[in-house]
Amino acid sequence: MIKLIACDLDGTLLNSSMEISDANVQAIKRAQENGIEFMVASGRAPHESQPMLKEYGIDCGFINLNGGLVFDTAGNLIVKNPLKLETAKKICRLLKKEGFYFELVTSNHVYSEDLSQRITNVAHLMVELNPMLTFKEAVLVSASKPAIVSIKQVPSYEDLMDEPGTEVMKILVFDSRGQYAFTDVIKKIEEIDKVSITSSAADNIEINAAGAQKGRSLLDYAAAKGIKREEIAAIGDNLNDESMIQAAGTGVAMGNAIPQIKTIASFVTKSNNEDGVAWAIDKILADNQKEQDQ
């Protein structure tokens, strides 16, 4: 029987309008009413994800920054797994040398040296997803997005990392050309230090500490609560969900998931625009009921 469900945000719980549908909200509450713990597992920072769930009346635990931070339902910090500062500095120097736009993510903020490049990258992706949209319109829309507005621009990442107490939880790298653009630089990053490199969209890679993986964090969290692997379900759509879908007893791929995720999943649910999370939760509840009746 499933006792814990971990669910990705972007492309999974959130639809293409970046909203949580009422069907998904109600399904999460049904799961909680039936004794199943629900938690969000996202590449996003706490300030980008936790208030959002509160808006929908959902109290839950969080795996943030791909496992860099883990919080229980009460909001207590259980795990913190930052990049080694010297490793982060070396990776930043490499990315600059290779001409990539990237951002630094700490526990509380996302930092950029050039916010206009982030807006341009988001605009390119929006045009790709919405061909009816002009690039100029996409720039205006992306510039007004809360996730971009909340990013802090700084003159220098080096100076930021030299400030006492700075902890880099994640480095987020963008390229509108897609995943093939990262092939060579990933190899060079891996030569610097052992890190975890995943992706949450076609136009990015996410660099975390080696131990900061959704799957590892999920299993550690479950073990602390006495929940076995076979009692865990994980729902996701992209590469940064791979570790938790493999780790969980029941791995669920969204209908809109990339092929690699669908291949390793126990089953495939509907897309994020078709209340796929609700469909998966209802299937899990039905399977739990069957287990109880036997």
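Numbers at a glance
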item: Residues that are modelled with pLDDT of 85 or more, charged (D, E, K, R) and either open to solvent by 60 Å² or more (accessible area, probe 1.4 Å) or on the phi > 0 side of the Ramachandran plot (or both), drawn from segment 111-136; result: Lys136
item: Hey, Ser196 at negative phi and open to solvent by less than 30 Å² (accessible area, probe 1.4 Å) or not; result: yes
item: Selected residue (criterion: surrounded by the most Cβ atoms within 10 Å (Cβ to Cβ)) from residues of segment 208-229 that are in contact with a strand residue (DSSP E or B) (Cβ under 9 Å, 6 or more places away or on another chain) and of a type in the set (A, V, I, L, M, F, W, C); result: Ala212
item: Residues located in segment 278-294, provided they are assigned to a helix (DSSP H, G or I) and either among the small types (Gly, Ala, Ser) or farther than 12 Å from Ala27 by Cα (or both); result: Ala278, Ala280, Ala286, Asp287, Asn288, Gln289, Lys290, Glu291, Gln292, Asp293
item: The listed residue being under 17 Å from the mean Cα position of the chain (by Cα) and exposed (fewer than 13 other Cβ atoms within 10 Å of the Cβ), out of Asn108, Asn66; result: Asn108
item: Qualifying residue in segment 182-193 (condition: outside any loop (DSSP other than H, G, I, E, B) and within 29 Å of Met52 (Cα to Cα)); result: no
item: Single unsatisfied condition, Phe38 versus (1) assigned to a strand (DSSP E or B); (2) touching a Ser or Thr at 6+ places or on another chain (Cβ under 6 Å); (3) assigned by the TED database to the domain that holds Leu285; result: (2)
item: Top-ranked residue in segment 49-63 [being open to solvent by less than 40 Å² (accessible area, probe 1.4 Å) and not aliphatic (A, V, I, L, M); ranked as nearest to Ser196 (Cα to Cα)]; result: Phe62
item: Check on Phe62, touching a residue at least 12 places away in the same chain (Cβ under 8 Å), farther than 27 Å from Ile189 by Cβ and either not in a helix (DSSP H, G or I) or not charged (D, E, K, R) (or both); result: no
item: Residue check for Lys262: in the same structural domain as Ser16 (by the TED database), without any contact (Cβ under 8 Å) to a residue 40 or more places away in the chain and in a loop (DSSP other than H, G, I, E, B); result: no
item: Exclusive hit being surrounded by 12 or more Cβ atoms within 10 Å (Cβ to Cβ) and out of contact with any strand residue (DSSP E or B) (no Cβ under 8 Å at 6 or more places or on another chain), set Lys80, Lys152, Lys96, Lys170; result: Lys96
item: Single condition Asp10 does not satisfy, out of (1) within 30 Å of Asp162 (Cα to Cα); (2) assigned by the TED database to the domain that holds Glu274; (3) part of a helix (DSSP H, G or I); (4) open to solvent by 40 Å² or more (accessible area, probe 1.4 Å); result: (1)
item: Residues of segment 13-48 that turn out to be open to solvent by less than 30 Å² (accessible area, probe 1.4 Å) and either closer than 21 Å to Asn108 by Cβ or small (Gly, Ala, Ser) (or both), as a count; result: 10
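This table checks each residue for (1) of a type outside the set (Gly, Ala, Ser); (2) open to solvent by less than 60 Å² (accessible area, probe 1.4 Å).
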{"site": "Glu231", "(1), (2)": "yes, yes"}
{"site": "Asp237", "(1), (2)": "yes, yes"}
{"site": "Asp241", "(1), (2)": "yes, yes"}
{"site": "Met254", "(1), (2)": "yes, yes"}
{"site": "Phe267", "(1), (2)": "yes, yes"}
{"site": "Lys270", "(1), (2)": "yes, no"}
{"site": "Ala278", "(1), (2)": "no, yes"}
{"site": "Asp282", "(1), (2)": "yes, no"}
{"site": "Gln292", "(1), (2)": "yes, no"}
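The values are calculated or read from the model by the stated rules, or taken from the named source; none is laboratory data. Bear in mind the structure is a predicted one, so any value in this text is a computation, not a measurement. Glycine gets a Cβ as well: all are built from the backbone with ideal geometry, and neighbour counts include every protein chain shown. For accessibility, only protein heavy atoms count, side chains too; no ligands or nucleic acids. Shrake-Rupley method; radii C 1.70, N 1.55, O 1.52, S 1.80 Å.
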